[in-house]
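Visitor: Attaching a single structure in structure tokens format; questions to follow.
The values are calculated or read from the model by the stated rules, or taken from the named source; none is laboratory data. What you see is a predicted model; the values in this text were computed from it and never measured. All Cβ positions, glycine included, derive from the backbone under ideal geometry; neighbour counts span all protein chains shown.
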Amino acid sequence: MVKPAAEPVLLGFLRHGEVTGAAHVYRGRSDAPLTSRGRAQMRAALAAMPAWGAIVSSPVRRCLDFAREAAAERGIACSADPDWRELDFGVWEDLRPDQAAARDADAHAAFIRDPRRHAPPGGETLDALDARVSAALSQLGETARAPTLVVAHAGAMRAVLARVLGLTDGYRARVALTPGSSFVLSWLAGAPPLLMALRCAD
């Protein structure tokens with residue numbers, strides 16, 4: 001068993017930047033890479049954050065490619081954790097909401113009405129996303145011994161903020177996490193995590 005840390009540890013969260021392909025689509029498990037602008041967005045965000053001693057990343061390229069580069073430049077460890085993936089949109093991957101609604105009208109209406117109980121066909125519910133992200137966050141908070149950056153997605157990051165701040169679904173949806181946005185938590189085992197900073201990228 002890992003002994004709880006006696007001092008708080010900083011946990012940072014960085015959303016991937018702009019990616020190739022169509023905008024405003026359901027993009028969860030699909031694996032589009034970053035654009036050059038997307039890399040620049042992430043570099044700007046990282047420059048404004050604290051120094052990190054380790055990086056954990058979602059395994060998709062729009063996160064992991066940058067995470068590996070940043071870790072190599074700093075001489076720190078980088079690992080991939082599938083629990084930090086975005087919500088799985090199943091057969092709606094890379095479709096705009098109107099295209100998904102045209103394809104599966106009843107299923108899409110149910111998902112929009114209650115995403116906690118109704119998943120996209122072949123995808124996952126909001127409850128499933130929250131459960132895996134919450135478990136990953138607890139594990140990271142219990143084991144991190146150096147300031148650790150998580151490179152992830154808007155959905156996963158909103159799940160973290162919802163847990164830390166007690167946000168209802170309506171309020172979590174109001175947190176703007178544009179590509180390259182970031183926030184920092186202070187985590188001490190046995191105490192409520194503290195939100196130290198939140199930066200919404202331009």
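Visitor: If the Cβ limit is 9 Å and pairs must be 6+ apart or interchain, which residue in segment 118-146 that is among the basic types (Lys, Arg) pairs with which residue that is part of a helix (DSSP H, G or I)?
Guide: That search, which allows pairs on different chains as well, returns Arg132/Pro82; Arg132/Asp83; Arg132/Trp84; Arg132/Ala156; Arg132/Ala159.
Visitor: Still on this model: Is there a residue being touching a helix residue (DSSP H, G or I) at 6+ places or on another chain (Cβ under 9 Å) and among the small types (Gly, Ala, Ser) anywhere in segment 56-64? Steps first, please.
Guide: Kept after step one, since they are touching a helix residue (DSSP H, G or I) at 6+ places or on another chain (Cβ under 9 Å), are these residues of segment 56-64: 56-59, 62-63.
From what's left, among the small types (Gly, Ala, Ser): 57-58.
Yes, segment 56-64 has at least one match.
Visitor: Which one of these does Arg174 not meet: (1) within 24 Å of Phe89 (Cβ to Cβ); (2) modelled with pLDDT of 95 or more?
Guide: (2)
Visitor: So, one more: Name every residue in segment 155-172 that is surrounded by fewer than 16 Cβ atoms within 10 Å (Cβ to Cβ) and either without any contact (Cβ under 8 Å) to a residue 12 or more places away in the chain or under 14 Å from the mean Cα position of the chain (by Cα) (or both), in order of residue number. Working first, answer last.
Guide: Let us first name the residues in segment 155-172 that are surrounded by fewer than 16 Cβ atoms within 10 Å (Cβ to Cβ), namely 165-166, 168-171.
Within segment 155-172, Gly166, Thr168, Gly170, Tyr171 qualify.
Visitor: Give just the number: which of (1) assigned to a helix (DSSP H, G or I); (2) in contact (Cβ under 8 Å) with a residue 60 or more places away in the chain does Val184 not satisfy?
Guide: In the conditions (1) assigned to a helix (DSSP H, G or I); (2) in contact (Cβ under 8 Å) with a residue 60 or more places away in the chain, Val184 misses (1) alone.
Visitor: Still on this structure, please answer the following. Taking the conditions exactly as written (in contact with a strand residue (DSSP E or B) (Cβ under 7 Å, 6 or more places away or on another chain), β-branched (Val, Ile, Thr) and either closer than 21 Å to Asp127 by Cβ or outside any helix (DSSP H, G or I) (or both)), does Val175 satisfy them or not? Full working, then the answer.
Guide: Values: in contact with a strand residue (DSSP E or B) (Cβ under 7 Å, 6 or more places away or on another chain): no; β-branched (Val, Ile, Thr): yes; either closer than 21 Å to Asp127 by Cβ or outside any helix (DSSP H, G or I) (or both): yes.
When the stated conditions are applied, Val175 does not pass them.
Visitor: Mind checking which residues of segment 113-127 are in a loop (DSSP other than H, G, I, E, B) and closer than 12 Å to Ala159 by Cα? Let's see the steps before the verdict.
Guide: Within segment 113-127, the first condition is being in a loop (DSSP other than H, G, I, E, B), and the residues that meet it are 114-125.
Of everything in segment 113-127, nothing turns out to be in a loop (DSSP other than H, G, I, E, B) and closer than 12 Å to Ala159 by Cα.
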